[in-house]
1. Going by average Cβ density within 10 Å per residue, which order do the peptides B:48-57, A:227-236 take, highest to lowest?
2. May I ask what percent, to the nearest 5, of DSSP beta bridges between residues of the protein assembly as shown are antiparallel?
3. Can you compute the FRET efficiency between B:Lys347 and B:Ser192 using 1/(1 + (r/R0)^6), with r the Cβ-Cβ distance and R0 = 22 Å? Round to the nearest 0.05.
4. Say we join alpha carbon atoms closer than 10 Å with springs in a Gaussian network model of chain A; which of A:Leu79, A:Leu106, A:Leu13 then has the biggest fluctuation?
5. Given the options A:Gln155, A:Gln252, A:Gln334, state which has the largest fluctuation in a GNM of chain A using a 10 Å cut-off (strictly under) for Cα springs.
6. Which lysines, if any, have their Cα less than 16 Å from the Cα of B:Lys165, not counting same-chain residues under 8 positions apart?
7. If Lys and Arg each add +1 and Asp and Glu each add -1, what is the summed charge of the other residues whose beta carbon sits under 10 Å from the beta carbon of B:Phe82?
8. Across region A:296-310, in residue order, what do the Karplus-derived ³J(HN,Hα) couplings come to in whole Hz, using 6.51 cos²θ - 1.76 cosθ + 1.60 with θ = phi - 60° and x for Gly and Pro?
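The values are calculated or read from the model by the stated rules, or taken from the named source; none is laboratory data. Remember, predicted model here, so these are calculated numbers, not experimental data. Cβ sites come from the backbone with ideal geometry, for glycine too, and all protein chains shown count toward neighbours. Please note that ligands, DNA and RNA were not included when accessible areas were found on the heavy atoms of the full protein model with its side chains. Shrake-Rupley method; radii C 1.70, N 1.55, O 1.52, S 1.80 Å.
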Number of protein chains: 2
Amino acid sequence: MAASTPAPAPRVLAVASHVVSGYVGNKIAVFALQSLGYDVAALNTVQFSNHTGYRQWTGTKVSAQEITDLYNGLRQSYLDDFDMMLSGYIPGAEAVVAVGNIAKELKESNKHAPGNFFWVLDPVMGDNGKIYVAEDVVPAYKGLIEYADLILPNQFEAELLSGVKIVDLESLNTAIQALHDKYRIPHVIITSVNFSPPGQPSSHLSVIGSSMTSTGKARLFKITFPSIDCYFCGTGDMFGALVTARMREAVQAVPGLISQPSWLSDDSASAAELPLARAAEKVLASMHEVLTKTRDAMPGVIERTRARLSEQDRASGKGEQQIKSKASELQLVQNLECLRSPGVEFKAQQI
Amino acid sequence: MAASTPAPAPRVLAVASHVVSGYVGNKIAVFALQSLGYDVAALNTVQFSNHTGYRQWTGTKVSAQEITDLYNGLRQSYLDDFDMMLSGYIPGAEAVVAVGNIAKELKESNKHAPGNFFWVLDPVMGDNGKIYVAEDVVPAYKGLIEYADLILPNQFEAELLSGVKIVDLESLNTAIQALHDKYRIPHVIITSVNFSPPGQPSSHLSVIGSSMTSTGKARLFKITFPSIDCYFCGTGDMFGALVTARMREAVQAVPGLISQPSWLSDDSASAAELPLARAAEKVLASMHEVLTKTRDAMPGVIERTRARLSEQDRASGKGEQQIKSKASELQLVQNLECLRSPGVEFKAQQI
């Protein structure tokens, strides 16, 4: 028996929000990572009835002290043996610092074994030119980027962190090089890059990623994929969870890389060959399939939900925002195979 | 496209505890139900670092008011369209009443459509002759059983609810008939039945179930399966989650049954033909496979965890309880296929 025992499941600490109904934050991350065989410790930073896109919700946030206490509870029972950590939405600057302290401690306790611990940080601060967290969260994140291994800012968050306004491919490249320079952050992916004027939808979107060389030079790749003309919540969280799982897989495919500091590829690797590029390709394939299936199922959800409304609500148009939000909840559990074995392919290209 | 849209995923409200690391309560229920294609709304009644079998933990309980608030949040955004509800550990009598009120409301709002809503209630109160909740939790549960469709007491909880001391098959049958009589509860499964003297392990265990007839008569079946000589936490929670999923599947296989009140089979159905028996067979098959694989992997987990201890802790034997608890955490994510398509078979027999 012992001879055929499979390798233990890699352990990930996922720190993000929890919603009772629907799919954002840890409600996505836990299932996505579990479905790919990861043993997930889920530290929930809030418990809300539903995501805030519904414009109404109930529930409570977890304090910075509670986050620290929960982690101390893990440590005292030898449950802090994490291979990776993924952090998403964290409510408030104090809580951001508390989560940062967890990551720093995990980093410190693994310093004798490079590559043993890898932190994927999604610096959730805002989108489309607007900060939607408290102002003091921005400097709190800026103080943590240097401890992360991979960051996943959207275009606006990349501007906030780099200080570079992104308007075209050139300024985007400048921003990523600035992130490598300023924070010595090894890996960066900028999700949902779009240079179209506001309000003008584009038929394709790109993600741009880079893993730096030993001298800190960006190695930039780009993956372009068809956009789906529909607004979904939680796509950033889904990207983060899947890239966490797929990054480790891609790194394990390269002999010896998993024991290199921050899993940084040899300088001889070109941008399009990077494990980060391999991972992002697979993630976007899964996402494209899940989003397509979610969009196709939307009319049915809208119809079934409207049928439950009182006549008064239906006549007044009350509840339309909530019905739309419900219909655009990502259909993850219905599409497990898209997470595990996506069929489509989008290829990374060196910039 | 619309023509090929698959049936919507059934929606389950799962109310139970959440642990950051490991597998009990909702940490099992959410993944088990999701992996079988259910859209799970997870209302967490506590957030603890780990389960209490470790004898040390951190975290907080959710109040009765917070449980009610979270549910009201769901309702106001049309997210209360549940096909099923599964309730597990609930901290305190007030919170038990709050969860009961949710179930009653869901029952009431579906009264025009029999079979539209089904509540699986695990009355978590104690085990092996001991109550491990506050004393006032017992009457709180007693007041709710009549609203449930299926209850899953262990042997001791069945004694508490029925008032019948269970010592052999005959008294067990009396207890189940008493549950049908007293509470008009349609379906009962008593998990982990064991008539061996205490301390004397038995090589086989049984579950006993019954779905009553239209006149309230028990239809009893028994499924026997090999026991695994090892103590696991969360097996009751795993049973509850899987039986919730498999019960609906088994009911759907019988034409028209899903629109019968409480999914009660026609009086012509014999005990061994009941959908409840079909469901329990599949659940025990999955559980036997997952528990076997968990046991086989335990020495590896123990070895890896001990290797991380300080020399001082190792010499003093400190941490052995925690290491044992960690090693016996159910290996669910590593064994997704055992949940989805178990291979072994245990057959229900009419008593």
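1. My ranking of the peptides, most packed first, is B:48-57, A:227-236.
2. Among the beta bridges of the protein assembly as shown, antiparallel pairing accounts for roughly 50 percent.
3. Details: r = 18 Å, r/R0 = 0.84.
In this case the efficiency is close to 0.75.
4. Looking only at A:Leu79, A:Leu106, A:Leu13, the biggest GNM fluctuation is shown by A:Leu79.
5. Comparing A:Gln155, A:Gln252, A:Gln334 in the GNM, the peak value goes to A:Gln334.
6. Leaving aside lysines fewer than 8 places away in the same chain, those within reach of B:Lys165 are B:Lys130, B:Lys182.
7. -3
8. Taking θ as phi minus 60°, the curve returns 5, 8, 4, x, x, 5, 4, 4, 5, 6, 4, 5, 8, 6, 5 Hz for region A:296-310.
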